[in-house]
Structures are given as C-alpha cells and as structure tokens.
Amino acid sequence: MVNQYIDAHIHLDRYEELDRNRIVKEMADHGVQGLISVSMDLASSMATRSLYLAHPGQVHPAYGYHPEQPPLAAAELEALTAWIRAHHSEMIAVGEVGLPYYSRLEAEADGRAFSYAPYTEMLEKFIQLAVELNKPIILHAVYEDADLACDLLEKHDLQRAHFHWFKGAADTIDRMIHNRYMISITPDVQYEEEIQQLVKQYPLELMMVETDGPWPFEGPFAGQMTHPHMLSEAVAKIAELKGISSEEAAQRLLYNTKSFYGV
Ligand SMILES: [Zn+2]
C-alpha cells in the first residue's frame, strides 16, 4: 500500500486553475489524503472557501492574512475577522498569519524604515481570534520572529500553534519543543543542511510535512511545479535523518497532522 500523507500547508488558491484541478484529481493516487489550504487575505480566504465547498474532505480551509505584505488598516482587519467569525464552523485553523521577517530584511537592505508594531498588533488580534473560536493557528514566523510569536502565544495561552516552514535558533527550538508547538518540514529537507539539522533536533511527534505550494523548490525539484506528491520525498529524508523506515515516518507524520487539525 502507498504511504499516506496530508499536506499541512499549501496555497491551493494560488495555482492556475488547470494545475489546481490536476492536483486535486491526482492527490489520492499519490497517497495524499488531504490539503490544509491556507489563505493570504480576505479575497484569498473566499477563494479557499470555494475550493473547500467544491472538494469537501480533501481541502481543509484556513483563513487569515499573510504577513509578508503591507499591514491591514483597522477597517480591513475588522472586515476580515468578521468574515472569519461568520465562516468559522468550516474553518480548520486561523492562517496563514505571522510576522514579516523577509519584508523586514528587504527593507533593511534598501535602507528603508520598517515598523513591526502594526504587524505584532495584527498577530495578537489573530491569536485572540483563534482562542475565541477555539481553533489552531498557522504561523509564518521564523528566526527572531518566532520568539515574538512565542511571547504572544504564551501571553494568550494558545497552545495549538503550527509554525510552518520553521527555521530558528537553538534556544527558540528548545522553547518551542517545551511548549509542544508543531512545525512542518518542506521538500527542501532533501538539500538544506539547516532543515536537516532541525529535523534531527525536533521531536518527530511534533512534526508534519507540507509543500507551501505553489512555492517552487530547488535541488532535485528544480524546474518542477510544486505538487503534494513531493511529500513522499520529504518523508523519505525525514525517515533517513531519524533512522526509521519511511513507512513508520509517514504513519507518525499523518497521525500528528490528523490529531493536530482534527481531520
Ligand atoms: Zn504559506
């Protein structure tokens, strides 16, 4: 039997329609049982909702605002959170939300001023929303930003946090393990030394796999459209790094994802 997977983080609405249809049609052939489909903003949340309605049981929708873009004005944030409250019963998690690490680096490289305050305020509101709606939260928060996110999660006592495509310092990793936060590993574990080290250090029971598609990968995946079938190669590498079989790794990662998201 083919190993079974769930893609714990994909932007299904960002694919061209033909590619998206192909992915949904082919996923079962590759053992992919489900897609945690995250959103970028209100329009993207609405698009993700349509995909969920078209493919219930395969597409699990998360609604949020991606942090690597200008912060929302108060009225826009209010409109998004009102829409999320109205559609929370079908929503699997609040996401993707977080902090703009890469936008800040870019601004610093260009010598532009960059204020974090509107982003931390926005993240705090999303954390409070997740607590209010009793949902997990899907975070884009890497390196120093992961510590800021941990501060806010601890402040509001939100334990069900998933740091997608996480990268960070050793003390941040220890703090996240202590708090039992989940991370997810992308196919770049095949060729990124930093991610391989993370996999060795982080407990398997707090791990999931994702593609973050349509984000493209390098190494053996260069030039390929990101497709959830790549999860099998991520799992194979995780298994090798953990010294277990691919079957055992796949089973554990699937179990983790199902229990964390309740799917
Ligand atoms: Zn993402």
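Here is how the numbers come out for the structure above:
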{"read-out": "Distance between region 200-263 and region 1-21 - C-alpha centres, whole angstrom", "value": "13"}
{"read-out": "Whether region 109-205 is rounded, prolate or oblate, judged on the alpha carbon gyration tensor where a/c under 1.5 counts as rounded", "value": "oblate"}
{"read-out": "Ratio Rg/Rh, restricted to region 1-89 and using Cα atoms, in which Rh is the Kirkwood radius", "value": "1.03"}
{"read-out": "Accessible surface of region 5-261, 1.4 Å probe, proportion on carbon and sulfur as whole %", "value": "51"}
{"read-out": "Protection-proxy order for peptides 102-108, 23-29, each taking the mean of Cβ atoms within 10 Å per residue, highest first", "value": "23-29, 102-108"}
{"read-out": "Computed lengthening from Lys258 to Tyr102, 0.36 nm per intervening residue step minus Cα-Cα distance", "value": "53.1 nm"}
{"read-out": "Interatomic Cα distance distribution for region 42-89, bins of 10 angstrom, percent", "value": "26, 51, 20, 3"}
{"read-out": "List Val2, Val263, Val59, ordered by accessible area with a 1.4 Å probe, largest first", "value": "Val2, Val263, Val59"}
{"read-out": "Gain in span if fully extended, Asp174 to Ala109, counting 0.36 nm per residue against the direct Cα distance", "value": "20.4 nm"}
{"read-out": "FRET efficiency for Arg85 and Lys200, using Cβ-Cβ distance with R0 set to 35 Å, rounded to 0.05", "value": "0.30"}
{"read-out": "Region 5-261: radius of gyration over Cα atoms, expressed as a fraction of 2.2 N^0.38 Å", "value": "0.96"}
{"read-out": "Accessible surface, per residue, of the chain when the full set of protein chains is kept, probe 1.4 Å, Å²", "value": "43"}
{"read-out": "Dimensionless Rg/Rh of region 85-138 - Kirkwood Rh, Rg from C-alpha atoms", "value": "1.13"}
{"read-out": "Relative compactness, region 4-156, computed as alpha-carbon Rg over 2.2 N^0.38 Å", "value": "1.08"}
{"read-out": "Per-pair calculated FRET efficiency, R0 = 45 Å: Met225 and Ala73 via Cβ, rounded to 0.05", "value": "0.80"}
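The values are calculated or read from the model by the stated rules, or taken from the named source; none is laboratory data. Please read these numbers as outputs of a predicted model, since none were measured by experiment. Because the Cβ atoms are built from the backbone with ideal geometry, glycine has one as well, and the counts that use them run over all protein chains shown. Quick note on the areas: whole protein, heavy atoms, side chains included, nothing else; ligands and nucleic acids left out. Shrake-Rupley method; radii C 1.70, N 1.55, O 1.52, S 1.80 Å.
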